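What follows is a short report on a single structure.
Derivation of every value follows stated rules applied to the coordinates shown; laboratory data play no part. Here the structure is a predicted model, which is why all the values come from computation and not from measurement. Note that each Cβ is placed from the backbone with ideal geometry, even for glycine, and that neighbours are counted across all protein chains shown.
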Amino acid sequence: MSSNLHTSKELNPLNESLAVHCKPFAELVAAELYDILRLRQQVFILEQSCLYLDTDGYDEAAHHLMIYNKQKDLVAYSRLFGLNMPYAGYLSIGRVVTSPRFRGLSYGRILMRHSIEQVRSIHGPHPIKIGAQAYLIGFYSSLGFRSTDQRYLEDGIPHLKMILDL
């Protein structure tokens, strides 16, 4: 699937239009990849103090959803996976992140709505399974995800599996 770009008129506290890009890895340009890796390192490695290899070999198999504001700041990002990757029988959304500079402005909710829409648009109408940080259960539940009893520690942070049915 080729890349797509559209402008979201979804309301956010700044009442600005957002550029939403969704591309397979092979179509990312160097500046986009730099923005993605920088944001993921900033949050997952530095802010959350998790020492792990972020470039885990899954990026090449994913579509990458990026949301930029009008100043061309990457405000939110996720990666989208097709059926059976990494969970058998499910689509998946991972590396969900909002820039610390732009938290509290509804970008996380906007990101997840676009991620759900895009992963199903690309890969078809299937349930979605995610590995969510436990403190975000309420957020994901508000988007329709249900908790499972699959709880685990990942890099010292409590997580659980959550599912969004059709």
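Using the Cβ-Cβ distance between ARG109 and GLN42 with R0 set to 25 Å, the FRET efficiency from 1/(1 + (r/R0)^6) comes to roughly 0.75. Computed over the chain with a Gaussian network model linking Cα atoms closer than 10 Å, the most mobile of LEU46, LEU105, LEU18 is LEU46.
Between the amide H of PHE145 and any residue lying 5 or more places away or on another chain, no distance stays under 5 Å, with hydrogens modeled in the peptide plane.
Couplings for segment 117-132, taken from phi via the Karplus curve 6.51 cos²θ - 1.76 cosθ + 1.60 with θ = phi - 60°, read 4, 5, 4, 6, 5, 6, 10, x, x, 10, x, 10, 10, 10, x, 9 Hz in order; Gly and Pro are left as x. Between rounded, prolate and oblate, where does segment 4-123 land on the alpha carbon gyration tensor, with a ≥ b ≥ c its root eigenvalues, rounded for a/c under 1.5, else prolate if a/b exceeds b/c? Because a/c hits 1.5 or more and a/b fails to exceed b/c, segment 4-123 counts as oblate.
Our helix-only sum for the chain, with -39,500 (n - 2.57) per DSSP H run of n ≥ 4 divided by its residues, gives a mean residue ellipticity at 222 nm of -6500 deg cm²/dmol.
Residues SER115, SER142, ranked from the fewest to the most other C-beta atoms within 10 Å, line up as SER142, SER115. Take every Cα pair under 8 Å whose residues are at least 6 apart in sequence, average their separation, divide by the length of segment 55-100, and the relative contact order is 30 percent. Spin-label model, ASP155 to TYR135: label points 7 Å out along the Cα-to-beta-carbon direction sit 1.4 nm apart.
The overall shape of segment 30-96, judged from the alpha-carbon gyration tensor, is oblate: a/c is not under 1.5, and a/b is no greater than b/c.
The relative contact order of the chain, computed from alpha carbon pairs under 8 Å that lie at least 6 residues apart in sequence, is 17 percent.
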